[in-house]
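First up is the structure itself, then whatever we jot down about it.
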Amino acid sequence: MKRLFDLLLTIPGLLLILPFLLLLALLVRILHGTPLFFSQVRPGQNGQPFRMLKFRTMTNAKDSAGTLLPDSARLTPFGRLLRSTSLDEFPELLNVLKGEMSLVGPRPLLMEYLPLYTPEQHRRHEVKPGITGWAQVNGCNAISWEEKLRLDVWYVDNWSIWLDIRILARTMFNVLLRKGINHTPSETMPFFTGQSTE
């Protein structure tokens, strides 16, 4: 049922916004160069790795020694706009089509976090990761890792189509208000270090 729900929304949605996505891709190509996508391996359902896609928000600018400049120096104004409006997330719809992600679910984090989770926290991987999720509409980066992972597991235990609809509606509301979105490169979660849940 969840897979059908994803496809019924994703396929018509992609067709509807295709011209806009092509325009975004053209702007990314002009302003950031190639490749168009930022691609990174993330854990999917049951921890199985997949390659998550986003629009690139940074250039490949390097110093005189050929080393990439810090992220803050490579993030362009257009890239900052993509992040602040969550437009950089649109390529993840391709991951949804491929069945690697869902529209709603725990956000796919880093592969190196897998051995750091408690058995309870690891239950977040019992479902497919999502473009948005229960933790994202309940504080996103403003809450602690402990609370974020607790909300992810709560979603796993309480999933329903109605809950997904609520989360999608709240996500659109938050994006329109630019609420809970990273506005600067420094406003990101610190690395997860396996804090106790006690």
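The values are calculated or read from the model by the stated rules, or taken from the named source; none is laboratory data. From a predicted model like this one, the values you see are computed outputs, not experimental measurements. Don't worry about glycine lacking a Cβ; one is built from the backbone with ideal geometry, like all the others, and counts go over all protein chains shown. To get the accessible areas, we keep the full protein, side chains included, count just its heavy atoms, and leave off ligands, DNA and RNA. Shrake-Rupley method; radii C 1.70, N 1.55, O 1.52, S 1.80 Å.
Annotations for the structure displayed:
- Heavy-atom accessible area with a 1.4 Å probe sorts D152, D71, largest first, into D71, D152.
- Choice from V104, V153, V41 with maximal GNM fluctuation in the chain (Cα, 10 Å cutoff): V41
- Residues of the chain: accessible area per residue with a 1.4 Å probe, Å²: 54 Å²
- Highest average first, the peptides 50-61, 107-118 ordered by how many other beta carbon atoms sit within 10 Å of their residues are 50-61, 107-118.
- Sequence-distant residues sharing a close amide H with F192 (under 5 Å, placed H): none
- Farthest toward positive dipole pole in the chain [+1 Lys/Arg, -1 Asp/Glu at C-beta], among L4, L24, V104: L24
- Here is the list for the range 60-169: trypsin sites (Lys or Arg not before Pro) lying in DSSP coil, each with at most 16 other C-beta atoms within 10 angstrom of its C-beta, are K98.
- DSSP H segments from the chain that extend 30 Å or more along their own axis, Cα-based, with Kyte-Doolittle mean of 1.0 or above: 2-32
- Simple spin-label estimate for T67 and I165 in nanometres, 7 Å along Cα-Cβ: 5.4 nm
- Comparing Q48, Q136, Q121 in a Gaussian network model of the chain, where Cα atoms under 10 Å apart are tied by springs, the biggest mean-square fluctuation is seen for Q48.
- For the chain, adding -39500 (n - 2.57) for each run of n ≥ 4 DSSP H residues and dividing by the number of residues yields -13000 deg cm²/dmol at 222 nm.
- In the chain, lysine pairs with alpha-carbon atoms under 28 angstrom apart (chain gap of 8 or more, or interchain): 15
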